Amino acid sequence: MERQEIYARLKEVFADVFDREVELHDETTASDVEGWDSLRHIMLISAVEEEFEIKFDMKAVRELKNVGAMVDVISEMAAP
Amino acid sequence: MQELDYPFDSRVVRRKKLSLKRKLLEQEGLMDKKIAVLGGSTTAEIKDMLELFLLNEGIRPSFFESEYAQYWQDAVFGNEELKALKPDIIFIHTTSRNISEYPELSDPEEEISRKLDRERERFQRMWDQLSQDYSCPIIQNNFEYPPFRLLGNLEAADPHGRVNFISRLNACFAEYARHHSSFYLNDINYQAAEYGLDRWHDLSVWYLYKYALSLEAIPFLAFQVSNIIKSIFGRNKKALALDLDNTLWGGVVGDDGPENLELGPETGLGEAYLEFQAYLKELSKCGILLTVISKNDEENALAGLSHPQMVLKSKDFISVTANWEPKSENLKKTAQSLNLLPESFVFVDDNPAEREIVRQQVSGAGIPELSHVEGYIAALDRAGYFEATTLSGDDLKRSEMYRENAKRAELQASFSDYGEYLASLEMKAEIKPFSPVYMARIAQLTNKSNQFNLTTRRYTEEEIRMASAEKDTVTLYGALADRFGDNGVVSVVIAREEGEALRIILWLMSCRVLKRGMEDAMMDELVRIAVKRGKVRLIGEYIPTQKNRMVKDFYPGMGFVQTAGAEDGSAEYELTGLSGYEKKNRFIRVNEGA
């Protein structure tokens, strides 16, 4: 799946989970986004999984350091 | 809100929870409740989901949430924050992860029984402490089966198996629930089975975040808990409005003729309609009123209803409406004739267009999505409209009472003078201070009565018990019977001493007995007690809600004089000169029985 398409769908997921528009870049991390705490993170991960119909394994969850890393993993796992 | 009505989409509910909450908070007339969530595992998302489903029922919760897995400590050793909250409900979210001692394979059977006793006592100590400290309803999970079975199928039978141990422990919990009112089991054992054990368990969220069930299943769990809570607070539906063609039977009676309807054991479809009717019949035995609203010529509808294979007989229906008016109008009329609110109805119709009209015109009514007859029972059963938290004698008799009311209406029509009609009813009332056998019913009434309710203050059973024990408080229940039958407890009054006055803080009556003079009899008794206590006046309050306009002028009608009023419509009234009070009741004989 193209990174551009992934970004577009990720933006929708973030908008729902945070109930507002969120700016996303490869370097964006939790500390850049207000309200992205550990509890919200859990819900975000699961919303992303459900959006792309994938399941991150536990190791992959640990490696989701920033949005760019998340996009990388999604592009590997999601069907084209 | 449709996103939260059963069957909701767990993904949508979780992903959009912030915007859903925002919209739900815009509703008017929300009932505030304080809820303590004591968890044996992570509860953050459970709390958030519970909040959404409660808001969807018109209940706005504020929460106390235990620190991670501190459920037992918070309960037994106390927690200042929890004490300060004074919860209205305590929900204990424990799971089979919280069982402290499972049997070892080497344990002799007696040791396993001891482990069972210790586990039961550990929980029981917590429940006893909580009820002593907080006197509020407790909702406790039982235990779900584990994700793995070391001994395979043997686990069910062998006491060393966890499956067997959990079953025994669940039986202990059920036993406790049976003997403690205000203690409710949340049956996650059934819920997990219904959901599918493999979908219920998600080990990665346990390892990573210590959630003891999958994130996907959390809304489902929270929905179940919200059903119990709304039932405790009297927000259950009370009646069913049933369509006929392709709802109670297969086919269209007006076109096909009653003899060609699909109903009966001869065909699979006919069997399915039979079983649906049998389910409805059982619901009516639980006190749910059955009514028919059908687009049909009346003659055809009645011909269908007298089909020999009908499980539901004409006496099972409180009312039958068959005409060509919009169903939303018929629903409102039916509700009015039974003195119920339209939103207390569940509208059962296979036609999506009819459901849509009712959805738009009757806000708050339950409208299950029906598509094929084999799914009808599930659509009603799983939605929790009628979640039973107690089975009071009154519930079981409710249909009977409404039938008696129909007979009264007939009698009334034969009198030109209303007073003569009332006299002919030969009414007898019992008006006395709250007594233990009626506590559950009284609490239920304070939560269910919306229309004839001056202050709409809600009480739990414990609060009712406490009110009746306070020396400066006057409590009265009124039970009314007549020649047609016994209505049971229908009116509740609570008043508190305030210097030389008695302030009426609660006055309600079931709409079942409107215009029978019961309020006069209650007032007479209250005044008698006030005088006996040396009081010189009564103070009454009216607090307006969206539903109690009916009693806006109740106190002036009773001879009270307004002494204060506020912009929101609330007002205070006074009745003076109690010593010269003239009795109002003319038609009811009060406290003449044993």
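Throughout, read-outs are computed from the coordinates displayed, never taken from laboratory work. Treat the numbers as computed from the prediction; the structure is a model and nothing was measured. Using ideal geometry, Cβ is built from the backbone for each residue, glycine included, and neighbour counts are taken over all protein chains shown.
Of all DSSP beta bridges confined to the protein assembly as shown, the antiparallel ones make up roughly 45%. A dipole drawn for the protein assembly as shown from +1 and -1 charges on Cβ atoms has a positive end, and of B:480, B:361, B:46 the residue lying farthest that way is B:480. Listing B:179, B:201, B:372, B:307 from fewest to most neighbouring C-beta atoms within 10 Å gives B:179, B:372, B:307, B:201.
Only Lys, Arg, Asp and Glu carry charge here, each on its Cβ (+1 for the first two, -1 for the last two); on that basis chain B has a dipole of about 1820 debye about its Cα centre. Centre-to-centre, using Cα atoms only, the range B:11-66 and the range B:190-247 are separated by 14 Å.
Sequence-distant contacts, meaning Cα pairs under 8 Å at least 6 residues apart, place the relative contact order of chain B at 10 percent.
A protection proxy built from the mean count of other Cβ atoms within 10 Å ranks the segments B:165-176, B:239-250, B:581-592, most packed first, as B:239-250, B:165-176, B:581-592. For the peptide B:9-22, the mean number of other protein chain Cβ atoms found within 10 angstrom of a residue's Cβ is 4.
In percent, rounded to a whole number, the relative contact order of the range A:3-77 is 40, using alpha-carbon pairs under 8 Å and six or more apart. Considering only A:60, A:69, A:47, the Gaussian network model of chain A with Cα springs below 10 Å gives its largest mean-square fluctuation to A:60. Just how large is the dipole of the range B:1-57 about the Cα centre, in debye to the nearest 20, putting +1 at every Lys and Arg Cβ and -1 at every Asp and Glu Cβ? With Lys and Arg at +1 and Asp and Glu at -1, about 280 debye. The protection proxy used here, the mean number of other Cβ atoms lying within 10 Å of each residue, ranks peptides B:321-332, B:255-266 as follows, highest first: B:321-332, B:255-266. For the protein assembly as shown, the residue among B:445, B:531, B:242 whose Cα projects farthest onto the positive side of the dipole built from Cβ charges is B:531. Think of the range B:2-232 as a dipole: +1 on every Lys or Arg Cβ, -1 on every Asp or Glu Cβ, centred on the Cα centre; then among B:90, B:148, B:73, B:90 lies furthest on the positive end.
What the Cα atoms of chain B give is an Rg and a Dmax of 26.4, 83 Å.
Under the convention that each Lys and Arg Cβ holds +1 and each Asp and Glu Cβ holds -1, the size of the dipole of the protein assembly as shown around its Cα centre is about 2740 debye. The fewest-to-most ranking of B:509, B:550 by surrounding Cβ atoms within 10 Å reads B:550, B:509.
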